1. Stretched out fully, how many nm does the piece from ILE81 to THR60 gain, at 0.36 nm a residue minus the Cα gap?
2. Once Lys and Arg get +1 and Asp and Glu get -1 on their Cβ, which of GLY39, ALA83, ASN66 lies farthest toward the positive end of the dipole of the chain?
3. Ignoring ligands, DNA and RNA, what accessible area per residue does the chain give at 1.4 Å, in Å²?
4. Quick one: what Rg and Dmax do you get for the chain from the alpha carbons, in Å?
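The values are calculated or read from the model by the stated rules, or taken from the named source; none is laboratory data. Here the structure is a predicted model, which is why all the values come from computation and not from measurement. Here the Cβ is made from the backbone with ideal geometry for all residues, glycine too, and neighbour counts use every protein chain on show. Keep in mind that these areas ignore ligands, DNA and RNA; they rest on the heavy atoms of the full protein, side chains included. Shrake-Rupley method; radii C 1.70, N 1.55, O 1.52, S 1.80 Å.
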Amino acid sequence: MRIVTANGGSRFSELILESGTRLDLANSSTTLGSLAGSGTVFSSTGTPTLTIGFDQTSETFSGQFNRFNDAAPNAVNLVKIGAGTEFLTGTGSNST
């Protein structure tokens with residue numbers, strides 16, 4: 001999945017990334033209702049901000065936030081908003 005425009009995600013929806021799936025933010029900052037699953041979040045260019053928690057639910061994301069390559073040394077800025085709790089249980093990695 002690829003979000004290619006600022007605020008192209010749905011702030012009212014839960015995004016579930018299954019194992020082996022990838023979300024490319026393509027340098028587009030966006031807000032999602034919540035994030036769950038075990039996929040990979042990265043940006044093929046730039047360092048966008050992913051804001052999660054608008055729907056106020058509690059979720060677990062066991063996937064990874066990765067950088068794309070050596071030309072994009074940072075991954076994704078993550079901001080948590082809302083009353084719910086986001087549990088991040090994945091391991092770290094330097095590449096996708």
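1. Working: separation 21, 0.36 × 21 = 7.56 nm, distance 1.47 nm.
This chain segment gains 6.1 nm when fully extended.
2. ASN66
3. Details: 4930 Å² over 96 residues.
That works out to 51 Å² for each residue.
4. Considering the chain through its Cα atoms, Rg and Dmax are 12.1, 36 Å.
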